[in-house]
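Read-outs throughout are calculated quantities, based only on the coordinates presented, and are distinct from any laboratory measurement. Computed from a predicted model, the values in this text were never measured in an experiment. So basically every Cβ, Gly included, is an ideal-geometry build from the backbone, and we count neighbours across all protein chains shown.
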Amino acid sequence: MYKELEKFKVTNQFSFTAEDSLAEVCNASEGSGVFLVYAVGEVKELIMVGSTGTVQNDGTLKIKNGGLNDKIVEGHQFAKTGRKYSWPAQMNKEDIRTLEVVWYETFNDDSKVIPTFVEAQVLQNFLDENGKLPKWNVAF
């Protein structure tokens, strides 16, 4: 685990296979924060970091309906379609059997950390350690 994430108390995880319904297995909250996606095989590899929620200049949070849950399930990746469709296709293409998704609420009543800031910290640490971004992160 990345040390930046240790302070967040609202967190959970779920596993997903290409045969699962992402909408059914996703237990992410409707809050705002970050999510890390790992390919689980012989080794566990971080393949993506994402976030949702925007802090406005008055310190309030702007969040789309559905928060982390909606971003994980319906967010677009690899195609102009939701992850509930594109992740299974990509998993089959890359022969990934299982994904583990770990999510953290970073901005709520107890914590006020900008989601994209946390996403950037995790990605920077990954870049420092590996010389590149996780393979499902196109750019940052």
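Side notes on the structure shown:
- Cα-only Debye scattering, the stretch 62-112: base-10 log of I(q)/I(0) at q = 0.18, 0.22, 0.31 Å⁻¹: -0.68, -0.87, -1.21
- Set of aspartates and glutamates with alpha-carbon distance to Lys7 below 20 Å, sequence-local pairs under 8 removed: Glu30, Glu105, Asp109, Asp110, Glu119
- Principal-axis tilt of helix 115-130 within the chain, Cα atoms, nearest 10 degrees: 50 degrees
- About its Cα centre, the chain has a charge dipole of approximately 320 debye under the convention of +1 per Lys or Arg Cβ and -1 per Asp or Glu Cβ, with nothing else charged.
- Whole-Å distance, taken between Cα centres, linking the stretch 1-51 and the stretch 77-110: 8 Å
- Over the C-alpha trace of the stretch 1-84, radius of gyration and Dmax come out as 13.8, 46 angstrom.
- Summing +1 for each Lys or Arg and -1 for each Asp or Glu among the other residues whose beta-carbon sits under 11 angstrom from that of Lys71 gives -1.
- Label zone at Lys9, where the point sits 7 Å out along the Cα-to-Cβ direction: the stretch 82-119 residues whose backbone N lies under 14 Å: 105-112
- Axis angle, to the nearest 10 degrees, between helix 83-94 and the longest C-alpha principal axis of the chain: 40 degrees.
- Residue-averaged 222 nm ellipticity for the chain, from DSSP H runs of 4+ at -39500 (n - 2.57), nearest 500: -8500 deg cm²/dmol
- Among the trypsin sites (Lys or Arg not before Pro) in the stretch 67-130, those located in a DSSP loop and surrounded by at most 16 other Cβ atoms within 10 Å of their own Cβ are Lys80, Arg97.
- For the listed residue pairs Lys80/Lys135; Lys93/Lys135; Lys3/Lys71, the alpha carbons are over 20 angstrom apart in Lys3/Lys71.
- Only Cα pairs under 8 Å and 6+ residues apart enter the sum, and on that basis the relative contact order of the stretch 3-130 stands at 37 percent.
- Sites matching GluC sites (Glu not before Pro) across the stretch 38-140 that sit in DSSP coil, with at most 16 neighbouring C-beta atoms within 10 Å: Glu42
- Taking a point 7 Å from the Cα of Val138 along the Cα-to-Cβ direction, the residues of the stretch 51-82 with backbone N closer than 11 Å to it are 76-81.
- Per the Debye formula on identical point scatterers at the alpha carbon atoms of the chain, with no solvent, log10 I(q)/I(0) at q = 0.10, 0.11, 0.13 Å⁻¹ is -0.31, -0.38, -0.53.
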